[in-house]
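Visitor: Once you've had a glance at the structure underneath, I'll fire off some questions.
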Amino acid sequence: MNTIKSDIDFRLLRNSAGQLQFTSGNGVTYEDVNPVRAFPISAPDEGLSIISKEGHELAWIPDLAAIPSEMKTLIDTVLAQREFMPVILRIIRVSSFATPSTWDVETDKGNTQLILKAEDQIWRPKNNRLLITDKNGVNFTIGSIEQLDRHSRKLLDRFL
């Protein structure tokens with residue numbers, strides 16, 4: 001299988017089963033394909049592959065802004081379903097400054113608890129942005145440490 005590396009010479013649709021369907025420029029159709037971001041945290045709108053269910057790259061999209069809006073909307077919808085990542089707006093309290101630690105947080109999806117297994121589950125990908133993985137593998141993000149309130153920053157500093 002050849003990788004198609006060019007401008008948009010394919011179509012993406014949802015099939016009757018709700019799966020993403022890729023049709024190449026030469027008319028070959030692949031069912032149940034997935035868009036995969038190359039840099040989901042540092043450059044979410046740059047570099048995206050369309051991957052077959054067998055794991056082969058079918059197409060490379062260097063910039064999501066350069067594709068037709070209908071296709072971008074479809075890709076954004078699929079990615080949003082798969083990349084559920086609540087944004088932490090405020091840290092209400094932590095059970096302990098040693099790990100494992102239970103955090104009560106306010107997110108853009110509502111209040112919840114996360115359990116931080118170890119301090120190395122807090123990642124700093126770029127520009128004061130944080131990615132926190134809880135014990136269940138759910139990723140939470142903090143867009144910018146400076147945007148947190150003083151109380152939240154003080155609690156967070158104990159783990160950084």
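The values are calculated or read from the model by the stated rules, or taken from the named source; none is laboratory data. Note that this is a predicted model, so its numbers are computed, not measured. Every residue, glycine among them, receives a Cβ derived from its backbone with ideal geometry; neighbour counts consider all protein chains shown. Surface accessibility is based on the protein's heavy atoms, side chains included, excluding ligands, DNA and RNA. Shrake-Rupley method; radii C 1.70, N 1.55, O 1.52, S 1.80 Å.
Visitor: Counting only protein heavy atoms, what percent of the accessible surface of the stretch 49-114 is carbon or sulfur at a 1.4 Å probe? Before the final figure, lay out the partial values.
Guide: Values: 1870 of 3560 Å².
Carbon with sulfur: 52 percent of the solvent-accessible area.
Visitor: Indicate, rounded to the nearest 5 percent, the antiparallel portion of the DSSP beta bridges found entirely in the chain.
Guide: Details: 34 of 36 bridges.
If I count the DSSP bridges inside the chain, around 95 percent turn out antiparallel.
Visitor: If you don't mind, another one. Got the relative contact order for the chain handy, in percent, Cα pairs under 8 Å and 6 or more residues apart?
Guide: Values: 280 pairs, mean separation 22.0, N = 160.
Reported relative contact order: 14 percent.
Visitor: Give me the 1.4 Å probe accessible area per residue for the stretch 56-157, excluding ligands and nucleic acids, in Å². Don't jump to the answer; show the numbers that get you there.
Guide: Details: 5820 Å² over 102 residues.
That works out to 57 Å² for each residue.
Visitor: Positive end of the dipole of the chain, charges at C-beta (+1 Lys, Arg; -1 Asp, Glu), about the Cα centre: which of Ile61, Asn139, Thr29 has its Cα farthest in that direction?
Guide: Result: Asn139.
Visitor: Quickly work out the Arg11-to-Phe39 label distance, labels modelled 7 Å from Cα along the C-beta direction, and quote it in nm with one decimal.
Guide: So the two model labels end up 3.3 nm from each other.
Visitor: Counting only other residues whose beta carbon sits under 13 Å from that of Val105, what net charge do I get with K and R as +1, D and E as -1?
Guide: Values: positive: Arg90, Arg93, Lys109; negative: Asp104, Glu106, Asp108, Asp134, Asp149.
Neighbourhood net charge equals -2.
Visitor: Hey, another quick one. Which value, in Å² and to the nearest 10, is the accessible area of Thr102 when all protein chains are kept and the probe is 1.4 Å?
Guide: 40
Visitor: Under a GNM of the chain (C-alpha, springs under 10 Å), which listed residue has the highest mean-square fluctuation: Asp45, Asp104, Asp149?
Guide: For the chain, modelled as a Gaussian network with Cα springs under 10 Å, the answer is Asp149.
Visitor: If I stretch the segment between Thr29 and Asp63 completely, what's the gain in nm (0.36 nm per residue apart, minus their alpha carbon distance), one decimal?
Guide: The span from Thr29 to Asp63 would gain 9.9 nm if fully extended.
Visitor: Right, next: Using only Cα atoms, locate the centre of the stretch 87-151 and the centre of the stretch 23-76, then give the distance between them in Å, rounded to an integer.
Guide: Their Cα centres are 30 Å away from one another.
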